[in-house]
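Everything below concerns the one structure shown next.
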Amino acid sequence: MRAIFVMVKCEMGQAYRVAREMADGIEEMSEMHSISGQYDLLGKFYLSAEQDIGLFVVEKVQTVPGVKDTYTLQTFNAFSR
């Protein structure tokens with residue numbers, strides 16, 4: 001499994017509804033946070049090694065009604081205590 005982070009810009013007034021729909025409908029989602037700045041949400045998703053990141057974002061994240069734009073970050077290593 002590998003983690004990706006997707007920043008999501010939503011249509012005005014839609015961020016909480018978009019977050020709830022993703023939480024209920026995208027099984028790969030681990031966490032969704034509301035954030036400040038240019039984007040409204042920050043989602044953490046775990047994908048299998050053979051899953052295509054671009055296809056996942058285009059088909060599962062960008063198709064949620066209310067999503068206006070996305071910015072994807074691919075991770076390499078996780079560090080913790």
Checklist entry - Relative contact order for segment 2-74: what is it in percent, counting Cα pairs under 8 Å that are at least 6 residues apart? => result 48 percent
Next on the checklist: Pick from Met32, Met22, Met12 the residue whose mean-square fluctuation is largest in a GNM of the chain, springs joining Cα atoms under 10 Å.
Outcome noted: Met12
Checklist entry - Taking springs between alpha-carbon atoms closer than 10 angstrom, which of Ala15, Ala23, Ala49 fluctuates most in the Gaussian network model of the chain? => result Ala49
Next on the checklist: Spelling out what I want: for every residue of segment 53-60, take phi, set θ = phi - 60°, compute 6.51 cos²θ - 1.76 cosθ + 1.60 (Karplus), and round to whole Hz; glycine and proline get x.
Outcome noted: 4, x, 5, 4, 5, 5, 8, 9
Checklist outcome for this item: Correct response: the longest run of the chain lacking exposed GluC sites (Glu not before Pro), defined by DSSP loop and at most 11 other Cβ within 10 Å, is 51-81
Next on the checklist: Run the helix sum for the chain: -39,500 (n - 2.57) per DSSP H stretch of 4+ residues, divided by residue count, reported at 222 nm to the nearest 500 deg cm²/dmol.
Outcome noted: -5000 deg cm²/dmol
Checklist entry - Shape call for the chain from the C-alpha gyration tensor, a ≥ b ≥ c root eigenvalues: rounded (a/c under 1.5), prolate (a/b greater than b/c) or oblate? => result prolate
Item to check | Exposure rule at most 12 other beta-carbon atoms within 10 Å, DSSP loop chymotrypsin sites (Phe, Trp or Tyr not before Pro): the chain longest free segment | outcome: 1-75
Checklist entry - How large is ³J(HN,Hα), in whole Hz, for each residue of segment 69-81 in order, when computed from phi with the Karplus curve 6.51 cos²θ - 1.76 cosθ + 1.60 and θ = phi - 60°, using x for Gly and Pro? => result 7, 9, 9, 9, 10, 8, 9, 10, 9, 10, 10, 8, 5
Checklist entry - Got a sec? Which residues in segment 1-36 would a label at Ala49 touch, if it sits 7 Å along Cα→Cβ and we count backbone N under 13 Å? => result 1-2
Checklist entry - Under a Cβ-Cβ cut-off of 12 Å, what is the net charge of the residues other than Glu59 that fall near it, where Lys and Arg count +1 and Asp and Glu count -1? => result -1
Checklist entry - For the chain, what is the charge dipole size about the Cα centre, in debye to the nearest 20, if Lys and Arg each add +1 at the Cβ and Asp and Glu each add -1 at the Cβ? => result 280 debye
Checklist outcome for this item: Mean-square fluctuation maximum in Gaussian network of the chain, Cα pairs under 10 Å, restricted to Asp40, Asp24, Asp69, hits Asp24
Checklist outcome for this item: Neighbours of Leu47 by Cβ distance under 13 Å: Lys/Arg at +1, Asp/Glu at -1, summed charge -2
Checklist entry - With θ set to phi - 60° and the Karplus curve 6.51 cos²θ - 1.76 cosθ + 1.60, what are the ³J(HN,Hα) couplings of segment 7-23 in order, to the nearest whole Hz, using x for Gly and Pro? => result 8, 10, 9, 10, 4, 3, x, 10, 4, 5, 5, 4, 4, 5, 5, 5, 4
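Coordinate-derived values only; no laboratory data. If you're wondering where the values come from, they're calculated on a predicted model, not measured in any experiment. Neighbour counts are summed over all protein chains in view; Cβ atoms, including those assigned to glycine, are modelled from backbone coordinates with ideal geometry.
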